[in-house]
Amino acid sequence: MQIGCLGDIVFKVSSDMVRTISNVTWSGSANYATHSRHTIDALTEFTGLDPDEITFDIVLSAFLGVNPMSDLAKIWDYERKGQTLPLIIGSKAYGKYRWVIKSHKIKMQTFDGFGDLLSATVSISLLEYIKR
């Protein structure tokens, strides 16, 4: 069953594959300017919003039917090209438009006897990309 996707990285659970996300955090913030004034309190002015950010973890494991290096190559490619991606979880598209991969961290956990990566957890940070 497909749970969602980030670009063409599909989050799904089936009898032969498990690729799901966890520890999802969605954050946002506002910008303010502070204007100093002579002999009276400073004036605070709302100047707009920062792009939202979403972070999450994906477990990539050959033991769960996934090729970790193949998925990591997609993530690296998306990040390095600045490719905009839809993020869909369930039937909901998240954000106002799309997302870019701002950063990633890979915790490599298991290797085979040849040094090939068998399992890893990748933490991905997305930055909202607003359509002009």
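In table form, for the structure just shown:
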read-out	value
Folded to 0 to 90 degrees: helix 68-81 orientation relative to the chain principal axis, Cα	30
Label selected from (i) 14.1, 43; (ii) 19.3, 72; (iii) 14.0, 38, the criterion being Rg and Dmax of the Cα atoms in Å as computed here	(ii)
Taking only Cα atoms of region 44-121, radius of gyration then Dmax in Å	16.3, 61
Cα-centre dipole for region 49-111 with unit charges at Cβ (Lys and Arg positive, Asp and Glu negative), debye to 20	100
Under 9 Å, Cβ to Cβ, from K102 - net charge with Lys/Arg +1 and Asp/Glu -1	-2
Cα centre as origin, Lys/Arg/Asp/Glu Cβ charges: the chain dipole, Debye	320
Lys, Arg +1 and Asp, Glu -1 on Cβ, resulting dipole of region 32-75 about Cα centre, debye, nearest 20	120
Helix-derived mean residue ellipticity, 222 nm - over the chain, DSSP H n ≥ 4, -39500 (n - 2.57), to 500	-3500 deg cm²/dmol
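Values in this text are rule-based calculations from the coordinates and carry no lab data. The structure presented is a predicted model; accordingly, all values stated were derived computationally and were not measured. Reconstructed Cβ throughout: ideal geometry from the backbone, glycine too, with neighbour counts over all protein chains shown.
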